[in-house]
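Take a look at the structure set out below.
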Amino acid sequence: MSTDATIAELRSRIGTEIGVTDWFAVSQRDADIYAALTDDWDYMHNAPAWAADGPWGGTIAHGMYVLSLIPSFLKQTTNLPIVSDSDADGFALNYGFDRVRFVAPLRIGQRARAHIRILDVIERSPGEHLLKTECSVYSDADLERPVMVAENLAYLTFDPTGET
């Protein structure tokens, strides 16, 4: 697909939901591994006996862990014409986030899933575009209020000749 066709396809889907992940659950093991890797150990995340008497009735997932799942969510849900790392003529880079909010706790073991929506596609220079998506994660305990909402940015770079 040409660069122009790829960008046109992305722009045609601005404002629409482009995918929903399968249900997943964060296990206590996941929370403990995340804490060990990031040196972010806390009773509310990693001490089930202590957390059982806390405000959530058990341990909760690290918000940053849920945020770190966004690349997996995007791979699982989107069928977008975006260049891949194997493309010789272009690639997508993680560019960061515009806004992240941890709205509600995600209890360890609760099921959750992510909804992905395209917010914008912005040309930065010939062959380079910024893709902004919104990732909203909901738990099965409350399908109305998200656990997390994040505006994710991907920097798309193509062969400037438009041959991608």
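Nothing in this text is a laboratory measurement; each read-out follows from the coordinates by a stated rule. Not measured: the values here are computed from a predicted model. Cβ coordinates were reconstructed from backbone atoms using ideal geometry, including for glycine residues, and neighbour counts include every protein chain displayed.
So which pairs qualify, if the first residue must be in the range 4-19 and under 16 Å from Ala154 (Cα atoms), the second must be in a helix (DSSP H, G or I), the Cβ gap must be under 9 Å, and the two must be at least 6 apart or on different chains?
Ile18/Thr77
Just wondering, is there one or more residues in the range 34-41 that are in contact (Cβ under 8 Å) with a residue 40 or more places away in the chain and not in a loop (DSSP other than H, G, I, E, B)?
no
Among the residues of the range 91-128, write down those that are of a type outside the set (A, V, I, L, M) and within 19 Å of Met44 (Cα to Cα).
Selection gives Arg101, Phe102, Pro105, Arg107, Gly109, Gln110, Arg111.
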